[in-house]
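Enquirer: Starting off with a structure, shown below.
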Amino acid sequence: MSAETDAGPSTVETARRLWAEDAVKITVVLLVIYTAYLLSGLVLGYSVRGQLNSLASLTFYIGVFATLALALNLHWGYTGLFNIGVVGFMAVGIYVMAFVSKPLYGSGGAAQVGGLGLPIPVGILAGMIAAALLGFVVALPALRLRADYLAIVTIAMSEIVRFTFLSSTFQQFQVPHTLAGDTTRVGFGGGSGLILDFPDPLLAFIDMLGLSGAYAGLVAFVGRIVANNPEPIVHSLVYGVVLLGFVTAYFWLLKRTGESPFGRVLKAIREDEDVARALGKNTDRFKITSFMLGCALMGLVGILWLMGQGAVTPNFFRPRLTFFVWIALIIGGAGSNTGSVIGGALFAAVLYQGPLYFQNLVTSVFQPGDAPGSFGPAVAPLISGLDPVPFLLYTLDSVRQLQLVVMGVVLVWLMHNRPEGMLGHRKETAAAIPLVGRPTGEGSAPDPETGTSRADAEGGEEGE
């Protein structure tokens, strides 16, 4: 056998071993996504500034959807809790954070009410705790509910939260404040929303880490490439990288949770709660703990998503955002943390940002001309003269409005053809230690039913 033949299987085996690593799967998917966006930017004729803005936006959405899919995976993939009220916990997180950390007085106007003026880290912690406490309140009456009944409770909760923040009752009110010497005007802004006029959280985080000099150097470096105002681009890119750092932390936390005794009990509850209870596990306590932890993570994602946007309104937290997160989780596969990250990245790149890029690419390459202004003129030539061009142009021009239709088609296809997702699985290691290397020789214990050792039995099978 030649040396080349000997090298072949080892190379294939090495590739398989590498692909089995979670980090390799995630890295390959991200490289493919970023390469596709860079190539599409070249086709569209983007400048360097446009390419950097495109990558920054892509990184941001990959970060938020991957983290939300991981948090939802703790509920559904690990514990089997059907939570479709994700946006409610996100809203509580950012609104409580804003309430705690906004300055004592707003800069005027009903929508610009103030807050308690506490440091941003205190506000972030308060927002996570508030989301976890809301999860506790929701979980208590829902302990005996499963599947669609729990889903009804959670989606009702998210709508109650949204309408509460829309209410004029909580738009603004006076509270005593010792630092102000009298009272301060606080609130949630009502339907007008809140202006998030606290200091830039990213710059505060960089200062806390002592990396202000490195950040300034990066701005100067990008300034050599993008001459006009490079700081917003650098800010967006760095914030996206920070979000990917949170994805890594989420992934590590949930991986450790899944491998712990606590995680194995959660998976037992997912498979058959009655059996887990029969084995002496307090399933109610485990479900409440899992639900609260996932809700705290969702509250943190709400903070990370919106605290740098400058404003927040209650109608941002509509139920469809929850279904976006579910689609991301289903794409990757419930029960798999790696699948959750990959599903979040693919959803952000293909289904959330992709339609607009597709529209721009087709328009740039083919120059199709003006589309009909309404559905009637678009479909009439197709019916009368079998001319599909006006209808195709109208569809291309309406691709943003058809985004939900595309998501629905993808979701239906996935549920019919691959309901477990790309990497979803339900086979989990049940033992705390690997069951390999067990004694099979002369010292192995005899089978209590046959009276023969395992080694004797295997020898007998080989003899046959």
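Enquirer: Quick one: Debye curve from the C-alpha atoms of segment 23-367, no solvent, what's log10 I(q)/I(0) at q = 0.10, 0.13, 0.14 Å⁻¹?
Expert: Per q value, in the given order, log10 I(q)/I(0) is -0.66, -1.07, -1.19.
Enquirer: Karplus couplings for segment 94-102 from phi (6.51 cos²θ - 1.76 cosθ + 1.60, θ = phi - 60°), rounded to Hz, Gly and Pro as x?
Expert: Working through the residues one at a time gives 6, 5, 5, 4, 5, 4, 7, 9, 5 Hz.
Enquirer: Identify all lysines with a Cα-Cα distance to K25 below 16 Å; exclude those on the same chain that are fewer than 8 residues away in sequence.
Expert: Here the lysines satisfying the reach criterion relative to K25 are K255.
Enquirer: Within 10 Å, count the other beta carbons around each residue, average over each peptide in 294-305, 88-99, and list them highest first.
Expert: Put in order of decreasing packing, that is 88-99, 294-305.
Enquirer: If I model a spin label as a point 7 Å beyond the Cα along the Cα-Cβ vector, how far apart are those points for N228 and L392 in nm?
Expert: 3.6
Enquirer: For a protection proxy built on the mean count of beta-carbon atoms within 10 angstrom, sort 216-224, 322-330 highest first, please.
Expert: 322-330, 216-224
Enquirer: I need the phi-derived Karplus couplings for segment 231-248: 6.51 cos²θ - 1.76 cosθ + 1.60, θ = phi - 60°, integer Hz, Gly and Pro marked x.
Expert: My calculation for segment 231-248 gives 4, x, 5, 4, 4, 5, 5, 5, 5, x, 5, 4, 4, 5, x, 5, 4, 4 Hz in order.
Enquirer: Still on this structure: Show the residues, 5+ positions off or on another chain, whose built amide H is closer than 5 Å to the amide H of A311.
Expert: The answer is L196.
Enquirer: If you don't mind, there's one more thing I want to ask. Given contacts defined as C-alpha pairs under 8 Å and at least six residues apart, what's the relative contact order of segment 23-367, whole-number percent?
Expert: So the answer I get is 34 percent.
Laboratory data are not the source of any read-out in this text; all were calculated from the coordinates shown. Being a predicted model, the structure only gives us computed values, none of them experimental. Cβ coordinates were reconstructed from backbone atoms using ideal geometry, including for glycine residues, and neighbour counts include every protein chain displayed.
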